[in-house]
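The values are calculated or read from the model by the stated rules, or taken from the named source; none is laboratory data. Quantities reported herein were computed from a predicted structural model and do not represent experimental measurements. Here the Cβ is made from the backbone with ideal geometry for all residues, glycine too, and neighbour counts use every protein chain on show.
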Amino acid sequence: MKCSELQIGEKGVVKNIWLDEVKKAKLFHLGLVKGALITCKFKSPFKTPIAYQINGCVFAMRDTDASCIEVEK
Amino acid sequence: MKKRVACLIGNPNVGKSSLFNMLTGSMQHTGNWTGKTVANEKAIVEYKDTIWELVDLPGTYSLMGESAEEKVASAFVLKNAYDVAIVVADATNLERSMEIILEVLDVTKKVIICLNLIDEAHKRNIIIDDKKLATILKCPIILTSAKEKKGLKELLETMNTYQSSSSYQSKHPECMERFYKYMQNKYHFSKGQSWHILETNSSFQDEVISFYQKMISKEMIRESYHEMNKNIVKDIIIRKGEKEKKEDKIWNFLFSNRLTSIPLLLIFLFIILWLTIYLSNIPSELLFSFFSFLEKPLNNILSFLPSWLLNPLLYGGYRTLYWVVSVMLPPMLIFFPLFSLLEDYGLLPRIAFNLDKPFQKCGSCGKQSLTMCMGLGCNAVGVTGARIMENKKMRLLAILTNVFMPCNGRFPAMISMISMFFIKDSSIVGSLMSALILLGIILLGIALTFFVTWLLNKCLLKEEKPIFILELPSFRKPKIWRTIYFSIKEKALHVLKRAMIISFPTGIIIFLLANIKVANASLLQHACLFLNDFGLILGLDGAIILAFLLGLPANEIVIPVLLLLYNGSSMLTDYESLQSLKNILLMHNWTILTAINFLIFSLCHFPCATTLLTIKKETNSSFYLFLSFVIPTIIGICLCFITTFLFSFK
């Protein structure tokens, strides 16, 4: 499933990342890599961006980007 | 005494700057968001028999970073011109800090690791086996907490005594290892320097290098570090059902909730503005009467000067100077510290997070809201702050629209307009009301920001891929007194200095213009008359337009200049009270429409000289400088024209 489809509080393991290099590098440094456990924390009042947690780090990305990340529950 | 050099490197927002400050006692401002340190900060520390030159590098996740400040950091590390590299790691998220630790270990073996924020990690039930980590990486590990001043002595002691170097050997995939071996043998390059050469395409005329360049991608290097990271970390960190901080939970809930988030932001903005307005009144008056009291003694002391020199200096320059200072200083001393407290607390990234969607629609991103907030303090600060934007297009959008946020320099004039023409009483209720109206004006400014951003994005700037990935740091209690001290020192006084440099000469010029008479009227009166017809079309008059033009160096002097023009006097004079100011304005045919248009025009007109200079410096382009001047002015003229037109039906 897509990462953007995770409901608040749900967890998933990252399978694939279909994003360009620049974004991939940024996300990499936040801990978003294949095999990472990602938790959907909360959403902005406008539904996007969405806040995720990986390890101890909370970060936000837009739903358009999150939908390019494949996760498995 | 030995002289040695140490550098501090680590991820953004791990408390590197705090640690640096504690070590050196020098005080640079620390903030709870990414990208605070942009250039290298240096300081000298003496400990026992060694003089340390400490270099605080900008925060970076990796030596492979792309942004300007990340490159500054990695260039310094790769040069290897230091005695010790201190890698500051975040104990609450060691997985992430490991990356940079491993990369630095591939460049130099003289590494000390600081596990910072260790107290916070304990609070969150994260246990780190630092002894095991030390045996794996074969370098000293020191637990520090900059907040509780823990581990600092130990760190300095280790820096002094640490002689040997880590014998840690990283293990990369085989083809990379072969390349590193080649580089080591032929050029004596460390692994880190080697892959950096692969990446930068430097001018090495070496076929072997270009061969490996094709084989080893950046992705592979990163993956390799990540693999090592995973293997090390899995035995080191134990997260025992991590507790989320209660504070984080509450705020995150409030900020992501549809009903509470936007009102909450507005309430914060409102409180800051109200406190600024309400608290700055009395000190402003005190300062003003103090400086004007000094005028007479100064006159006596300087009476040996000829009057053609004394008068412009004292009644032109000095008077304008203290006018600007006493109007500007108190609100800035209140606004910037309050803003910095919110910043340190960690609220600002949440604002960017919440407001991203509307900005996304306009082709920008949520971070623009932060530059706008800074603009409320000072547009020049806001323009510089646009460096946090992720690409060039979004940065330009943020720079060109920043002027729609009324800065502190414009508030006093706006507030006195509001209290003269829209508010009846001057009690707390009255000041609350005027803050509310001011908030309304700011909302108009926000609407204009969105509109202009959208317009510029549509028709002017080239398409660039939008990007918005933002870390949301955990809330941290700000160090109140230090924050106040720094925001005053770095923002308020800085801006004040620039304003003073500009206001003194302007004061002299205005004095001269008001006193040089041609055909029975001063030059200023001629200019007023010339502009009058244009002013009337906009529901203003010639004097108001001229006051704004002469206020180019500093918006604070718009009202004093206006008064000078109306009174036909030869120097700036204070009004007895708001009532007397109102009487003067009414005498010159001011109506509620004039007041409204004055407010609109103060919101949308050309930025002040300081801001213009900053824009020129930041964009390095006369075209954008021109745009930043013209766009708000045209919009201001149009809006004034529309209100005047609407009022003509009445």
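General remarks:
- Listing of strands (runs of 3 or more DSSP E) fully contained in chain A that carry 2 or more residues being more than 24 Å from B:Asn13 (Cβ to Cβ) and more than 9 Å from chain B (Cβ to nearest Cβ): A:11-17, A:69-72
- Number of positions in region B:138-157 that are assigned to a helix (DSSP H, G or I) and of a type in the set (A, V, I, L, M, F, W, C): 3
- Given (1) under 22 Å from B:Leu585 (Cβ atoms); (2) buried (at least 16 other Cβ atoms within 10 Å of the Cβ), number of the condition B:Leu496 does not satisfy: (1)
- Residue among B:Ser194, B:Ser284, B:Ser210 that is touching a Pro at 6+ places or on another chain (Cβ under 9 Å) and in a helix (DSSP H, G or I): B:Ser284
- The lone exception for B:Glu247 - which of (1) under 16 Å from B:Cys175 (Cα atoms); (2) surrounded by fewer than 17 Cβ atoms within 10 Å (Cβ to Cβ) it fails: (1)
- Residue count, region A:48-73 (criterion: within 22 Å of B:Gly366 (Cα to Cα) and at pLDDT 85 or above): 18
- For the condition in a helix (DSSP H, G or I), more than 36 Å from the chain's Cα centre (by Cα), more than 28 Å from B:Leu314 (Cβ to Cβ) and polar (S, T, N, Q), B:Asn597 does not qualify.
- If you go through region B:257-281 and keep only what is within 14 Å of chain A (Cβ to nearest Cβ) and either among the β-branched types (Val, Ile, Thr) or not in a helix (DSSP H, G or I) (or both), you end up with B:Asn257, B:Arg258, B:Leu259, B:Thr260, B:Ile262.
- Residue among B:Leu523, B:Leu578 that alone is at pLDDT below 90, closer than 25 Å to B:Leu310 by Cβ and surrounded by fewer than 23 Cβ atoms within 10 Å (Cβ to Cβ): B:Leu523
- Elements of type strands (runs of 3 or more DSSP E) in region B:39-101, at least 2 residues being among the aliphatic types (A, V, I, L, M) and in contact with a Gly (Cβ under 7 Å, 6 or more places away or on another chain): B:84-90
- Consider region B:72-91 and keep the residues that are within 27 Å of the chain's Cα centre (by Cα) and within 19 Å of B:Ala134 (Cβ to Cβ). The one that is surrounded by the fewest Cβ atoms within 10 Å (Cβ to Cβ) is B:Asp90.
- Subset tally (residues that are within 10 Å of chain A (Cβ to nearest Cβ) and modelled with pLDDT of 80 or more) for region B:228-247: 4
- The condition (being touching a Ser or Thr at 6+ places or on another chain (Cβ under 7 Å), farther than 20 Å from B:Thr610 by Cα and among the polar types (S, T, N, Q)) is satisfied by just one residue among B:Asn354, B:Asn379: B:Asn354.
- The residues listed here are B:Ser416, B:Ser431; of these, the one that is of a type in the set (Ser, Thr, Tyr) and either without any contact (Cβ under 8 Å) to a residue 12 or more places away in the chain or surrounded by 18 or more Cβ atoms within 10 Å (Cβ to Cβ) (or both) is B:Ser431.
- Scanning region B:231-251 for residues that are out of contact with any helix residue (DSSP H, G or I) (no Cβ under 8 Å at 6 or more places or on another chain) and part of a helix (DSSP H, G or I) gives B:Asn231, B:Lys234, B:Lys246, B:Glu247, B:Asp248, B:Lys249, B:Ile250.
- Test: residue in region B:305-322 that is buried (at least 21 other Cβ atoms within 10 Å of the Cβ) and of a type in the set (Val, Ile, Thr): yes
- Identity of the residue in region B:206-227, hydrophobic (A, V, I, L, M, F, W, C) and closer than 19 Å to A:Lys24 by Cβ, that ends up farthest from the other protein chains (Cβ to nearest Cβ): B:Ile216
- Taking each residue of region B:161-186 that is not assigned by TED's automatic domain parsing to the domain that holds B:Met215 and looking for partners that are surrounded by fewer than 11 Cβ atoms within 10 Å (Cβ to Cβ) with beta-carbon atoms closer than 8 Å, six or more apart or interchain, yields nothing.
- Selection from region B:216-230 of residues that are of a type in the set (Asp, Glu) and in contact (Cβ under 8 Å) with a residue 24 or more places away in the chain: none
- Looking across region B:158-176, the residues that are surrounded by 15 or more Cβ atoms within 10 Å (Cβ to Cβ) and assigned to a helix (DSSP H, G or I) come down to B:Thr158, B:Met159, B:Asn160, B:Met176.
- Listed by first and then second residue, the pairs linking a residue in region B:347-366 that is within 9 Å of chain A (Cβ to nearest Cβ) and more than 13 Å from B:Trp454 (Cα to Cα) to a residue that is acidic (Asp, Glu) and buried (at least 22 other Cβ atoms within 10 Å of the Cβ), with Cβ atoms under 6 Å apart and 6 or more places separating them unless they lie on different chains, are B:Gly366/B:Asp356.
- Output for region B:381-408, where each listed residue is more than 28 Å from B:Ser67 (Cα to Cα) and modelled with pLDDT under 80: B:Asn408
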